Every structure is written in structure tokens, then in C-alpha cells.
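Undergrad: Below is one structure. I have some questions about it.
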Amino acid sequence: MQSLMKLIAHQQGQLVAALGQHLVLSLVSLLIAAVIALPLAMALKDHRRLGELILQITGIFQTIPSLALLGLLIPIVGIGTVPAVIALVLYAMMPIYQNAYTGLTTIDPQLEEAGLAFGLSWWTRLKRYELPLALPLIFSGLRIALVMIIGTATLAALIGAGGLGTYILLGIQQNNNGVLLLGAGLSAFLALLSAGLLKWVGKSRRNLKIGGVVLAGLLVCGGAVTMQRHLVHSQPDTIVIAGKMGGEPNLLIHMYKDLIEEAAPQTKVVLKPNFGGTSFLYAALQRDQIDIYPEFTGTVLEGLAKQKQTPKSPDQAYQAARRYLARQGMTYLKPMAYQNGYALAVTASFAKQHRLATISDLVEQQAAVTAGFDPDFAQQPDGYLGLQKAYDLKVGTVKTMEPTLRYQALVQGKVELVDGYTTDPQLRQYHLRVLADDRHFFPPYQGAPLMKARFAKTHPVVVKQLNKLAGQITTNEMQEMNYAVTVKHQKASVVAHQYLRSHHLITK
């Protein structure tokens, strides 16, 4: 609890911003879904066959996995808030429409006959008694939809829409239960509070008016903030820098910011940390939603270019990645020194007991080894499958597990071997031994700033400043900085600034 309170105090500003993003995203999605579903239910209450058909169609949306739906929307509308809102609206349609349609079609038939006998019009019947009688079910549907939206909106962080999902994803990635609990706890609290408020709003007309005014106020404030951010980002002297999930990309984008601002203090640099994965960031760069992000040579060649074979030489890998990106209208600046590639790690005691220094040494012990591998690493040609051929390596037992769990399993003695990345802070935290890749199997992964060629041409000062990082930062230095941010919970901005100052890359 003490650690959680420190985290809240440390992340206070970012936490309020994430909470606001999550709330506005949820309310906007609920409002749009209600504006579509409620009139549809009213219009079809007397057309049962068509009404049931629409109910089945809205139910189909519920069967589509949320990640798959987001993936389908990205090529059409890009990344960020828009695809997140569309997905949330589609998910909210069914409970709102179903409850409203059920409430309007289950009214006492005798009451309906009386209304027709008195010659009441369709609109008069709806206003006088149908809507008031159906209101409890309608608000029940709205509550169900809102809780569903708030929970599903956590996935919006994967496509750069922000919100509390950022903390959940970071907690999973960094194996930080405090961060995970913070994101999940606030999301659950927000869902319960919102559902309770909707229940209160539905109790009387007075409460309904008050709720409408509060909702309008929240939407206006949220819209103003969103518009302000859009205007700031669209200014000609504003540069938007994004990073992938985790502490290391966060460090790099803060370094980029400090370097740019020192040479061009009039330029406003906007950071978007934890923006998403490679495909989302690259799509955002193509659509001019961001201007720069750090990318790795191996990721470019294997993830974007889909090359079957990556050069083993770091320089050859960089040149191949640079040429590919140039054909896509991109500029890939010079890379840093450190490698963030795959590695195999064991505990220091296990390495000493079996005299392990290289992967080749492991071959003699492989039959008795239990390995904990990331699911991707276990199935990829540049992972375990390729290692089997390159080293004639086949460990006794392979257990696939989430990346954040494999280091815990290693330290607890449940496995003897894990895969990881050479700059992982857990290597430093648990004093693990990385086995040398003596046959140079793993492809090079050097990071460098990626931007559009048009942006590079119009911002020569930015290019010059970011090129100061070329050949800088060793693997050990990055591992230490990752440790400071991820394990010791120091601010990425402070750690990044200290590195630049100590290496005389900035003066202030």
C-alpha cells in the first residue's frame, strides 16, 4: 500500500490526465451509442421482424474480439481516439438497443389498445406512457453499456488513445503489480461510480435534468481539452514524438525532446509515451499523427520489411533498414551503440554450477534444462526455432509464459533458462548471466530516430541534434537507465536528462 501511495504521488499529473481521457472516451462513446440505439428501438417497436433482425446484428458485434475489431478499423480510420470510439460504440449498441426495445415492446397490450382507442398518435403514446414505462429498462441498458465501455476502453491504450489502460499494459509489461493495480483499480472504481450515478439519474425527472447538465459539462470540458491538444499539435512549430510501451522508449523520447529544445527553444515538443506497438506507431507516422519515434533495425527488417534473413552485421542491418525505409519516404537517422536484441539468461549460481558462458556451453546441459520462453520467441525463426538449427540446441522442456512472468519463474527456480532482451532491467535486478551468442545467431537490434523524409528536409536542426545520439549509449548504460526507471521508479525525464548532461550532449 505504501508503494502504491508513492506511485500515485509520483504519477499524479499523468494519472489525472489518463483518468480524464478514459472518462471522456467512455462518455462520448456511450452518448453516440445511445443516440443511435434509442431512436432505432423507438422506430422499430411496432415492426417486430425488423426489430429482431437489428437485435441479432447488434449481437454479432459482441462476438468480435475487441483487438480484432481495432485491427480492422486501423487501416480505415487510422489510430488514436477515432477507432477506439467506433469500437466502443459498436460494443455498446446491443445492451442499449436490447433493453430499450424490450421495454417498449412489453408494455401491457390493454394500455396500448386504450391509447389507440382514444386516437392518440404514435408520438403522443410514446411520450405519454411508453417511454416512462420503459425508462427503468432503458437506464439498465445504459448502465450495462457504460460498465462494458469503461472496461473495454482500457484496450484503447494499445492504439494511442490513452486512458487508464496505459497503466494496466505497463504493469503487465514491467511486472509491476502497483502500476497494474492502479490502472485496474481506477478503471473498476470509475465503472462502479458511473453505474451508480446513472442509477441515481434514472430515479426522477429532476435527477435526469441534473445528470444531463453534468454530462454536458463534462463533454464540453473534454471536448475543449481535446480541441486544445489538436490545435497545439497542428501548429507549425510543434513536433510530436511518440514511443512504444515501456521504460526504454520513454527514456529515448525524453532524450529527443531535450536535444531538440536546447537547439530550438522556440519549438514546442509534445511527447506521446506508451503509444502502442510497432504497426500502430508506423501507421501514425505515415498519417502525420506523429513526427518522430525510435525504431530498431531488426524490427524494421523483420517486422516492417518482412525479410526472411537479416544481416548479422549491425552496419549491414542498419543500411538495409535505411534503404527499405527510404523507399517508403522515410528517413532513418544513425543508430545508437547499444543492442536491444534477444538473449538467453540463467541465474549466476546455475551458470557457475554448470560452467556456462556461451550458448554453445548450454548444449552439453540441454537435456536437463527447463526453459521459460515468451510465446513469440518459442515459435519464431529468429528465436528458439532458429537456435535449434544454429546450435543443435533442444532443451529438455519448454514452457511458454508471458514475458513478465519468465524472470520470476527463473528466480523462483521453476525454470533454469529464459529468453529476454539485452537491456532488460531484470538482468541487473536479479544479477542474471547472459549467455554469449558465440555463433552470432541473433539479428542486430540498434535503435535510431525514424521520421518522414519530408520532415527531415524541413527540420535540419532536429536531424543534427538527434544525430548526436549516434554511437552513444552502451548496452550496460541503457540497462542501468532502464533499471532506474522500471525498478527504482525514477522519472524517465530526469534519468534521460542526467545522461545527456553527463555525456556533454546538452549544456543546460
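Undergrad: Rank by packing, highest mean first: peptides 274-284, 44-54, with packing defined as the count of other Cβ atoms within 10 Å averaged across residues. Display every interim value, and only then the final one.
TA: Details: 274-284: 21.4, 44-54: 14.4.
Sorting 274-284, 44-54 by mean packing, highest first, produces 274-284, 44-54.
Undergrad: Is there a pair in 468/508; 272/306; 352/414; 45/127 whose C-alpha atoms are over 23 Å apart, and which pairs would that be? Intermediate results must be reported in sequence, preceding the final value.
TA: On the way: 468/508 16 Å; 272/306 27 Å; 352/414 18 Å; 45/127 14 Å.
The answer is 272/306.
Undergrad: So how much slack lies between residue 366 and residue 57, counting 0.36 nm per residue of separation and subtracting their Cα-Cα distance, in nm? It would help to have the intermediate numbers written out before the result.
TA: Values: separation 309, 0.36 × 309 = 111.24 nm, distance 5.36 nm.
Result: 105.9 nm gained on full extension.
Undergrad: Enumerate the amide H contacts of residue 240 below 5 Å, restricted to partners 5 or more residues apart or on another chain; note that Pro and chain-start residues carry no placed amide H.
TA: Excluding prolines and chain starts, which carry no amide H, the hits are 270, 291, 292.
Undergrad: What distance in nm separates the simple spin-label points at residue 326 and residue 263, each placed 7 Å from Cα in the Cβ direction?
TA: 2.0
Undergrad: Assign unit charges at the C-beta atoms only (+1 for Lys and Arg, -1 for Asp and Glu), then state the dipole size of the chain relative to its Cα centre in Debye, rounded to the nearest 20. Intermediate values should be presented prior to the final figure.
TA: Details: 45 positive and 30 negative charges, 189 e Å.
Roughly 920 debye, rounded to the nearest 20.
Undergrad: A further question on this structure: Report, to the nearest 10°, how far helix 314-327 tilts away from the longest principal axis of the Cα atoms in the chain, using its own Cα long axis and a range of 0 to 90°.
TA: Approximately 40 degrees, to the nearest ten.
Undergrad: Among residues other than residue 108 whose Cβ falls under 13 Å from its Cβ, what is the net charge (Lys/Arg +1, Asp/Glu -1)? Intermediate results must be reported in sequence, preceding the final value.
TA: Details: positive: 125; negative: 112, 113, 130.
In short, -2.
Undergrad: Right, next: Can you tell me the dipole magnitude for the range 280-341 around its Cα centre, using point charges on the Cβ only (Lys, Arg +1; Asp, Glu -1), in Debye to the nearest 20? Can you show the working numbers first?
TA: Numbers: 8 positive and 5 negative charges, 55 e Å.
The dipole of the range 280-341 has a size of about 260 debye.
Undergrad: Looking at the chain, what % of its DSSP beta bridges pair antiparallel, to the nearest 5? Numbers along the way, then the final one.
TA: On the way: 15 of 28 bridges.
Given both bridge residues lie in the chain, the antiparallel proportion sits at roughly 55 percent.
Undergrad: In addition: Of 238, 475, 507, 297, how do they rank once you tally other Cβ atoms within 10 Å and put the fewest first?
TA: Working: 238 14, 475 19, 507 7, 297 29.
Fewest-to-most Cβ neighbours within 10 Å comes out as 507, 238, 475, 297.
Undergrad: Take 288, 392, 424 and order them by how many other Cβ atoms sit within 10 Å, fewest up front. Don't skip to the end; give the middle numbers.
TA: Numbers: 288 14, 392 10, 424 26.
The order, fewest Cβ neighbours first, is 392, 288, 424.
Undergrad: Which lysines have a Cα less than 18 Å from the Cα of residue 389, not counting those fewer than 8 places away in the same chain?
TA: 308, 312
Undergrad: A further question follows. Pull up the DSSP beta bridges for the range 342-435 and report the antiparallel fraction as a percent, rounded to 5. Numbers along the way, then the final one.
TA: Values: 7 of 13 bridges.
Counting only bridges with both partners in the range 342-435, antiparallel ones make up about 55 percent.
Undergrad: Now for a separate question. So what's the back-of-envelope 222 nm ellipticity for the chain, counting only DSSP H runs of four-plus at -39500 (n - 2.57) apiece and dividing by all residues, rounded to 500?
TA: On the way: 24 runs with 310 residues, N = 508.
Dividing the helical sum by the residues of the chain leaves -19500 deg cm²/dmol.
Undergrad: Looking at 73, 391, 417, which one has the Cα that reaches farthest to the positive end of the dipole of the chain (charges on Cβ: Lys, Arg +1; Asp, Glu -1)?
TA: The residue sitting most towards the positive pole is 73.
Undergrad: Using only Cα atoms, find the angle between the long axis of helix 177-201 and the longest principal axis of the chain, and express it within 0 to 90 degrees, rounded to the nearest 10.
TA: So the inclination is approximately 10 degrees.
Undergrad: Then there is this: Can you give the three extents of the C-alpha atoms in the range 342-435 along their principal axes, from longest to shortest, in whole Å?
TA: So the three principal-axis extents are 31, 27, 22 Å.
Undergrad: Which order, highest average first, do 372-384, 67-79 follow once you tally other Cβ atoms within 10 Å for each residue and take the mean per peptide?
TA: On the way: 372-384: 17.9, 67-79: 15.8.
Order by mean packing, descending: 372-384, 67-79.
Undergrad: Separation between the residue 16 and residue 388 pseudo-spin-labels, each 7 Å from Cα along Cα→Cβ, expressed in nm?
TA: 5.5
Undergrad: Please work out the C-alpha center-to-center distance from the range 458-508 to the range 72-139 and express it in whole Å.
TA: 54
Undergrad: Another question, if that's okay. What fraction, in whole percent, of alpha-carbon pairs in the range 402-508 exceed 24 Å separation?
TA: Details: 2396 of 5671 pairs.
Above the 24 Å cut-off, the range 402-508 has 42 percent of its Cα pairs.
Undergrad: Project the alpha carbons of the range 1-156 onto their principal axes and report the range along each, largest first, in whole Å.
TA: Taking max minus min along each principal axis of the Cα atoms, the range 1-156 gives 67, 37, 21 Å.
Undergrad: Go through 102, 196, 207 and say which Cα lies farthest out towards the positive end of the charge dipole of the range 73-216; charges sit on Cβ, +1 for Lys and Arg, -1 for Asp and Glu.
TA: Positive-most Cα among the choices belongs to 207.
Undergrad: Taking a cut-off of 17 Å between Cα atoms, list the aspartates and glutamates near residue 457, but don't count ones fewer than 8 places away on the same chain.
TA: Of all the aspartates and glutamates, those that pass the test against residue 457 - Cα under 17 Å, at least 8 places apart if same chain - are 237, 288, 291.
Undergrad: Here is a further query. Could you check the spin-label model distance between residue 123 and residue 467? Points 7 Å from the Cα along Cα→Cβ, value in nm.
TA: Output for this residue pair reads 6.9 nm.
Coordinate-derived values only; no laboratory data. Please read all numbers here as calculations on a predicted model, not as lab measurements. Note that we place each Cβ from the backbone using ideal geometry, even for glycine, and neighbour counts take in every protein chain shown.
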